[in-house]
Structures are given as structure tokens and as C-alpha cells.
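All remarks here apply to the structure that follows.
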Amino acid sequence: MNFENGLDFARTQDAADPLSSFRARFTIPKRPDGTDLIYLCGNSLGLQPKAAIALVHEELEAWGTMAVGAHFAARRPWVSYPDHLAPAAAALVGANPSEVVAMNTLTVNLHLMMVSFYRPTAARHKVLIERPAFPSDRYAVESQIRFHGFDPTASLIEVGPRHDESTIRMEDLEACIRAEGSTIALLLLPGVNYYNGQVFDMAELVRLGHAKGCMVGFDLAHAVGNISLRLHDWNTDFAVWCTYKYLNGGPGSIAGCFVHERHRDWVDKPRLAGWWGHDKASRFQMGRDFNPIPGAEGWQVSNAPILSMAPVLASLGVFEEAGMRTLTAKSDRLTSYLAYLVREELGASVEILTPSDSAQRGCQLSLRVLGTRADQRRVFEALETHGVVCDWREPDVIRAAPVPLYNRFEDVFEFVGVLKRALASNA
Ligand SMILES: *Cc1c(COP(=O)(O)O)cnc(C)c1O
């Protein structure tokens with residue numbers, strides 16, 4: 001890709017961007033002087049789609065005017081509200097609508113999935129995860145291992161980057177699966193690692209895992225709405241994701257879950273059940289016997305949190321309009337531009353941990369700031385002072401995610417300028 005340094009170039013790119021009008025669909029937080037913050041933190045909490053306000057308000061109205069009646073009489077009846085989310089969510093992860101469900105929150109879904117798909121035996125009890133895995137995933141996996149009476153020191157396998165490398169090599173994952181696969185019950189890996197932004201070859205991981213008889217599940221917290229996904233075609237057993245990061249669903253918003261079609265008739269098999277997973281036609285007859293809905297909906301436990309779903313519905317509508325293909329094309333260009341400017345402007349003072357091959361990353365770049373601890377803190381504080389929002393991971397990594405729906409080339413240009421001045425004031 002051909003890039004040039006300079007604000008004019010960034011502005012020309014923005015003017016030619018087919019998605020430029022989407023920025024106006026979001027509320028962009030402001031600096032004290034009224035200008036827009038440079039928000040590169042959509043990997044942590046996505047911005048508010050303006051359409052969310054009307055959809056939340058509509059449900060507050062329905063509650064106020066119809067109360068219990070809104071379960072059936074609201075414009076979108078609450079009993080079937082989740083049905084409005086499934087098609088767009090399925091499209092984002094490459095699934096059939098009956099393979100996905102919106103429910104709970106991410107870590108809860110991870111537990112529910114492990115209850116069904118992590119069934120350790122004396123001969124096959126291990127779980128393979130990446131290092132570093134997001135802490136919640138690690139806690140969840142360790143607690144599941146202990147719950148089944150096993151010991152994480154023997155049952156948890158972690159594959160991380162080699163010494164002095166910052167990403168995980170596929171060949172190392174493959175070697176581990178080949179060597180230990182017959183004792184591994186579950187491969188639980190990310191679509192995109194939260195720390196270094198690396199994308200994993202999910203199709204290949206499923207193939208390798210299944211060849212050894214392992215279940216394969218993915219945590220897509222940093223992948224959904226960021227990279228293109230084909231969960232069904234890859235034969236993934238299950239996947240989970242949250243909707244408040246790239247999916248802009250709002251703080252703590254309802255999470256998503258995928259269960260492959262071949263597990264759809266999960267009858268008399270392990271699962272933690274609740275009334276919302278029961279056959280819809282007889283749900284309200286309050287019978288004694290649990291008769292699960294076939295497919296992912298059978299894993300629902302509780303009735304739908306409508307006020308948490310409404311912003312997600314708004315956001316999924318924006319994704320449908322923009323289209324993942326257009327989004328990933330811009331994302332690739334925008335993040336490549338960030339990488340170009342970082343190399344051009346910051347050279348030896350910043351190391352990019354994220355792979356440079358665009359097939360191995362989404363929009364996030366993880367930048368290691370070289371220097372003393374005090375320098376590093378000063379850099380991060382300078383970013384904050386100048387209205388740049390990105391996040392800092394101890395000890396020395398800045399994660400910056402230019403999100404194609406609402407970030408501009410100009411944001412990226414400004415960010416690198418602020419970072420450059422902050423680094424210069426260290427010198
Ligand atoms: C963001 C994130 C979480 C957060 O879990 P919640 O249950 O939504 O609080 C968990 N795992 C990964 C990999 C994440 O990126």
C-alpha cells in the first residue's frame with residue numbers, strides 16, 4: 001500500500017473513504033475545548049451508536065405503557081426480542097441463525113459452554129489455551145478444571161510466544177496439539193489475542209484439534225466485528241463473544257454464543273438448563289420436564305434482558321448497512337497506515353508487537369514503548385492530556401485500535417503526532 005506522511009494525505013484518504021459517513025452515526029466524546037477526542041479504544045468499549053437511544057427509549061416506553069403486556073404486545077414483543085438479533089449476529093460470525101444466541105455475558109457463556117463441551121476423563125482432561133490469555137478466560141478454565149476434580153498444574157497447557165518473540169507461532173500450537181492432543185479435552189483459543197492483537201488461524205486449529213479428538217472453542221471478544229469469521233464452515237464446536245467492544249453494544253451489554261449445528265440436538269447431555277432454553281411453544285405451560293429448543297437457543301437460561309439488547313440491535317443494524325467486507329477492507333488500510341506512520345515517525349522508540357501481515361491482525365496494534373518506566377508513564381499521561389484515548393497494558397504496551405466504522409485517517413495521523421511529541425519530550 002502506498003502511504004504518504006502528512007495531514008493532507010490523511011484528509012484525502014478520509015474524503016475518499018466509502019464509510020466516512022458512518023462516523024456521524026456515533027456519539028464521539030469531546031475534549032474540554034469541544035473538539036473530538038481521538039478515540040482509539042473501540043477494542044475495549046465501542047462508541048455509542050446514536051440509533052441506540054431511540055431503541056432503548058422505545059423499550060422504556062413499552063414498559064411504562066404496557067408493563068407485563070409488552071412481553072407480547074410491544075412493537076418487538078419481548079418474548080421474541082432475541083430473534084431480532086440472531087440473523088445479523090449470525091452473519092458477523094459466519095453461522096446459521098439457529099447456531100447463535102444472544103444471552104448473558106461473555107465469561108458466563110464460556111462457563112455454560114464448558115459445562116457442555118469440556119467433559120474431562122482420566123485419560124483426556126487437558127485444556128489448551130494461549131499465553132497470555134485474558135485473565136477472565138484463564139480463571140474460568142482453571143475453575144472448570146478444579147470443578148471436575150483435576151489440577152490445573154497438570155491439566156492446563158499454555159502455549160505462548162517463544163523467548164524474545166511477541167507472537168505465538170502456529171507451528172508451536174500445532175506441535176503441542178500433535179504431541180498432547182490425545183490427552184486434550186478442549187482447545188480454547190481466541191480469534192484475536194487481546195494483548196498483542198494477533199489473529200489465529202481458526203480453520204486450521206479446528207482441523208488439528210478434531211484430528212486428535214478434541215473439542216474446539218473460540219473466544220471472539222476481540223474478533224467479532226473486527227475480522228471476518230466463518231464459524232460454521234470451520235466446524236467450530238462453540239464460540240463466545242461480548243458485544244461492548246467492536247460491536248458497540250454498550251457497557252456490559254448482552255453477549256453472544258455459537259454452537260455448531262451438529263450439536264443442535266443436545267438432549268440428555270450435560271448442560272446447565274433454565275426455562276428460557278425450553279421449547280418455546282410449551283415454555284409458559286410451566287411443565288416439569290425440560291424439553292430444550294434445538295440449536296444454540298437451548299442453552300438460554302433466563303429471559304432476555306431487553307434493555308441490554310436494544311443497543312446491540314441498533315449496532316448490528318449499523319454493521320449490516322456497512323457490511324463486513326467494506327469494513328475489513330478499510331480496516332486493513334487504516335491499520336496499515338498506522339503501522340506505516342509508527343515506523344516512519346517513531347522508528348526505534350516504539351516496537352510493534354502485532355504481526356505486520358494483515359492476514360494475522362485486525363485493527364488493533366499493540367505498541368511497546370521503549371525506555372524507562374518513568375518515560376513510559378509520561379508517554380501515556382501525555383496521550384491522555386492531549387485527548388487521545390487508547391489503553392495501557394502493564395508494563396509497557398499501548399493498544400491502539402483505529403476502528404473502521406468511526407475512526408478516520410486523520411485520527412491516526414494526530415495520534416502518531418501526539419505520541420511523537422511525547423516521546424521527544426522524554427529524550
Ligand atoms: C473483554 C474480554 C472478556 C471480558 O469478559 P466479560 O465476561 O464480558 O466481563 C473476557 N475474555 C476476553 C478474551 C476478553 O477480551
Could you list, in sequence order, the residues of segment 370-418 that are more than 27 Å from Leu247 (Cβ to Cβ) and part of a helix (DSSP H, G or I)?
Arg373, Ala374, Asp375, Gln376, Arg377, Arg378, Val379, Glu381, Ala382, Thr385, Gly417, Val418
Which pairs have Cβ atoms under 6 Å, sit 6 or more apart or on different chains, and link a residue in segment 180-193 that is over 15 Å from Val141 (Cβ atoms) and part of a strand (DSSP E or B) to one that is within 10 Å of the ligand (Cβ to nearest atom) and of a type outside the set (Gly, Ala, Ser)?
Val192/His222
If we keep only residues of segment 342-369 that are of a type in the set (Ser, Thr, Tyr) and part of a helix (DSSP H, G or I), then the residue surrounded by the fewest Cβ atoms within 10 Å (Cβ to Cβ) is Ser358
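What do you reckon, is Leu205 within 16 Å of the ligand (Cβ to nearest atom), within 20 Å of Asn96 (Cβ to Cβ) and either in contact (Cβ under 8 Å) with a residue 12 or more places away in the chain or surrounded by fewer than 19 Cβ atoms within 10 Å (Cβ to Cβ) (or both)?
On the way: within 16 Å of the ligand (Cβ to nearest atom): yes; within 20 Å of Asn96 (Cβ to Cβ): no; either in contact (Cβ under 8 Å) with a residue 12 or more places away in the chain or surrounded by fewer than 19 Cβ atoms within 10 Å (Cβ to Cβ) (or both): yes.
Judged against the criteria, Leu205 is not a match.
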Can you confirm whether Arg124 is more than 24 Å from the chain's Cα centre (by Cα), more than 29 Å from Val199 (Cα to Cα), more than 16 Å from the ligand (Cβ to nearest atom) and of a type in the set (Lys, Arg)?
no
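Can you tell me which residue among Ala73, Ala95, Ala86 is more than 16 Å from the ligand (Cβ to nearest atom) and buried (at least 23 other Cβ atoms within 10 Å of the Cβ)?
Numbers: Ala73 fails: buried (at least 23 other Cβ atoms within 10 Å of the Cβ); Ala86 fails: buried (at least 23 other Cβ atoms within 10 Å of the Cβ).
After ruling out the rest, the residue left standing is Ala95.
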Among the residues that make up segment 48-67, is at least one of them in contact with a Ser or Thr (Cβ under 6 Å, 6 or more places away or on another chain), assigned to a strand (DSSP E or B) and either under 28 Å from Lys330 (Cα atoms) or not assigned by TED's automatic domain parsing to the domain that holds Tyr139 (or both)?
yes
Please give the number of the condition Asp332 fails out of (1) of a type in the set (Asp, Glu); (2) within 30 Å of Ser80 (Cα to Cα); (3) touching a helix residue (DSSP H, G or I) at 6+ places or on another chain (Cβ under 6 Å).
(2)
For segment 209-224, give me each residue that is in a helix (DSSP H, G or I) and crowded, with 20+ Cβ neighbours inside 10 Å.
Gly209
Mind listing just one residue for me: the one in segment 174-198 that is within 16 Å of the ligand (Cβ to nearest atom) and of a type outside the set (A, V, I, L, M) and, of those, nearest to Lys245 (Cα to Cα)?
Tyr194
List pairs: first in segment 227-247 and in contact (Cβ under 8 Å) with a residue 60 or more places away in the chain, second of a type in the set (Asp, Glu) and near the ligand (Cβ under 10 Å from one of its atoms), Cβ under 8 Å, 6+ apart or cross-chain?
Ala239/Asp219; Val240/Asp219; Trp241/Asp219
Restricting segment 17-42 to residues that are surrounded by fewer than 11 Cβ atoms within 10 Å (Cβ to Cβ) and assigned to a loop (DSSP other than H, G, I, E, B), the residue that is farthest from the chain's Cα centre (by Cα):
Asp33
The number of residues in segment 146-181 that are closer than 22 Å to Leu367 by Cα and of a type in the set (S, T, N, Q) is 2
Among (1) under 18 Å from His222 (Cβ atoms); (2) in a helix (DSSP H, G or I), there is one condition Cys257 misses while meeting the rest; what is its number?
(2)
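On the given criteria, is Ala339 more than 17 Å from the chain's Cα centre (by Cα), buried (at least 18 other Cβ atoms within 10 Å of the Cβ) and assigned by TED's automatic domain parsing to the domain that holds Tyr246?
Values: more than 17 Å from the chain's Cα centre (by Cα): yes; buried (at least 18 other Cβ atoms within 10 Å of the Cβ): yes; assigned by TED's automatic domain parsing to the domain that holds Tyr246: no.
Taking the combined requirement at face value, the residue does not satisfy it.
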Going through segment 209-230 one residue at a time, which ones are closer than 25 Å to Arg333 by Cα, away from the ligand (no atom under 14 Å from the Cβ) and either touching a helix residue (DSSP H, G or I) at 6+ places or on another chain (Cβ under 6 Å) or among the small types (Gly, Ala, Ser) (or both)?
Ser228, Leu229
Just to be sure before I move on: is Ile145 in contact with a helix residue (DSSP H, G or I) (Cβ under 6 Å, 6 or more places away or on another chain) and farther than 21 Å from Leu220 by Cα in the structure I sent?
yes
Of the residues in segment 408-427, those that are crowded, with 24+ Cβ neighbours inside 10 Å and touching a Lys or Arg at 6+ places or on another chain (Cβ under 8 Å) come to Phe409
Within segment 129-148, considering residues that are out of contact with any Gly (no Cβ under 8 Å at 6 or more places or on another chain) and under 18 Å from Leu173 (Cβ atoms), the one nearest to the ligand (Cβ to nearest atom):
Phe134
In segment 104-114, which residue that is over 13 Å from Val259 (Cα atoms) and of a type in the set (A, V, I, L, M) is nearest to the ligand (Cβ to nearest atom)?
Leu106
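What about Ser331, is it assigned to a helix (DSSP H, G or I), modelled with pLDDT of 95 or more and out of contact with any Asp or Glu (no Cβ under 9 Å at 6 or more places or on another chain)? Spell out how you get there, then give the answer.
Working: assigned to a helix (DSSP H, G or I): yes; modelled with pLDDT of 95 or more: yes; out of contact with any Asp or Glu (no Cβ under 9 Å at 6 or more places or on another chain): yes.
Against the criterion (assigned to a helix (DSSP H, G or I), modelled with pLDDT of 95 or more and out of contact with any Asp or Glu (no Cβ under 9 Å at 6 or more places or on another chain)), Ser331 qualifies.
The values are calculated or read from the model by the stated rules, or taken from the named source; none is laboratory data. Model, not experiment: these values are computed from the prediction. For neighbour counting, all protein chains shown are included, and Cβ atoms are generated from backbone atoms with ideal geometry for every residue, glycine included.
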